[in-house]
1. Hey, could you check region 126-150 for residues that are outside any helix (DSSP H, G or I) and within 12 Å of the chain's Cα centre (by Cα) and say which is surrounded by the most Cβ atoms within 10 Å (Cβ to Cβ)?
2. What helices (runs of 4 or more DSSP H) lie completely within region 42-109 and have 2 or more residues being surrounded by fewer than 17 Cβ atoms within 10 Å (Cβ to Cβ)?
3. Read through the list (1) surrounded by 19 or more Cβ atoms within 10 Å (Cβ to Cβ); (2) touching a strand residue (DSSP E or B) at 6+ places or on another chain (Cβ under 7 Å); (3) not β-branched (Val, Ile, Thr), then give the number of the only condition that Leu185 fails.
4. If I go through region 196-209 residue by residue, how many of them are out of contact with any Phe, Trp or Tyr (no Cβ under 7 Å at 6 or more places or on another chain), surrounded by 14 or more Cβ atoms within 10 Å (Cβ to Cβ) and within 25 Å of Ser21 (Cβ to Cβ)?
5. In the list Leu72, Leu79, Leu19, Leu106, which residue meets the criterion of being touching a Phe, Trp or Tyr at 6+ places or on another chain (Cβ under 7 Å), touching a residue at least 12 places away in the same chain (Cβ under 8 Å) and of a type outside the set (S, T, N, Q)?
6. For region 78-91, enumerate the residues that are touching a Leu at 6+ places or on another chain (Cβ under 8 Å) and more than 19 Å from His164 (Cα to Cα).
Amino acid sequence: MQGLSIDSVNQSFADREVLSSVYLNCKIGEVVGLLGRNGSGKSTLLKIIFGSTKANFKYLSINNKVYDKGYLSKNLSYLPQDNFIPNQITVLQAINIFCKKQQAELKQIDFVANHLNAKFYNFSGGERRLMECLLMIYSDAEYVLLDEPFSQLSPLWIEELKNHINRAKAYKGFIITDHFYKSILDVSDRIVLLHNRCNYNINNEDDLVMHGYLPGFTA
């Protein structure tokens, strides 16, 4: 079956097990939201999928082909928590690197069109985050990993970013994690929670309360 899947993920740091037999998959046409408390392994799992962190064990498949590192598929884009585009390059140069297929669509976005010749060191933290997110959403890869995409963004920009994700998922699959859980619930087709080193499918906010991600409320 076409899609991205990672199975039997085990990862430890020193003597602490972070992930135990974790499974996650994503298909074209869907947004999978990944939630979990601090230290639950969300960012670690995305780094393992991309290939920047080595797991103790994993089985990673992208479109029916097994990979040791996801980026070797050349079909996977990854937005890390930290800035990753060099300060000295321009937006247009970044577009030419990451977005050969969707350049025209990306350049129609006002924020992008107005900053094509800007270098990344000219941006504020929020502006840079928005631009890096848009570059990954409209990148050439079919599968996109977004780690804290809504961080530093204003509510209006968060809504705009969700619109772009919903538009792009017609031909891409997304795995997104963020502490703004309501935005994750809003934009996602499925929710997976990392808790106690394992993954749980989440159907509604009551499930998040049951697993301890959200506090319960008593009358």
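1. Applying the filter and picking the extreme gives Pro149.
2. Helices (runs of 4 or more DSSP H) meeting the threshold: 91-98, 103-107.
3. All conditions pass for Leu185, except number (1).
4. Residues of region 196-209 that are out of contact with any Phe, Trp or Tyr (no Cβ under 7 Å at 6 or more places or on another chain), as a first pass: 196-198, 200-209.
Filter once more, so that each one left must be surrounded by 14 or more Cβ atoms within 10 Å (Cβ to Cβ): 197-198, 200, 202, 205, 207-208.
Now restrict to residues that are within 25 Å of Ser21 (Cβ to Cβ): 197-198, 200, 202, 207-208.
Final tally of qualifying residues: 6.
5. Details: Leu72 fails: touching a Phe, Trp or Tyr at 6+ places or on another chain (Cβ under 7 Å); Leu79 fails: touching a Phe, Trp or Tyr at 6+ places or on another chain (Cβ under 7 Å); Leu19 fails: touching a Phe, Trp or Tyr at 6+ places or on another chain (Cβ under 7 Å).
Matching residue, one of Leu72, Leu79, Leu19, Leu106: Leu106.
6. Once the filter is applied, which keeps residues that are touching a Leu at 6+ places or on another chain (Cβ under 8 Å) and more than 19 Å from His164 (Cα to Cα), region 78-91 yields Ile85, Thr90.
Yes or no, residue by residue, for (1) basic (Lys, Arg); (2) assigned to a helix (DSSP H, G or I); (3) more than 24 Å from Asn63 (Cβ to Cβ); (4) more than 15 Å from the chain's Cα centre (by Cα):
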| site | (1), (2), (3), (4) |
| --- | --- |
| Glu159 | no, yes, yes, yes |
| Ile165 | no, yes, no, no |
| Ser183 | no, yes, yes, no |
| Val192 | no, no, no, no |
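Values quoted throughout were computed directly from the atomic coordinates according to the rules given, and no laboratory measurement underlies them. The model shown is predicted, which means the values in this text are computed figures rather than measured ones. Positions of Cβ are generated from backbone atoms using ideal geometry, with glycine treated the same way; all protein chains shown enter the neighbour counts.
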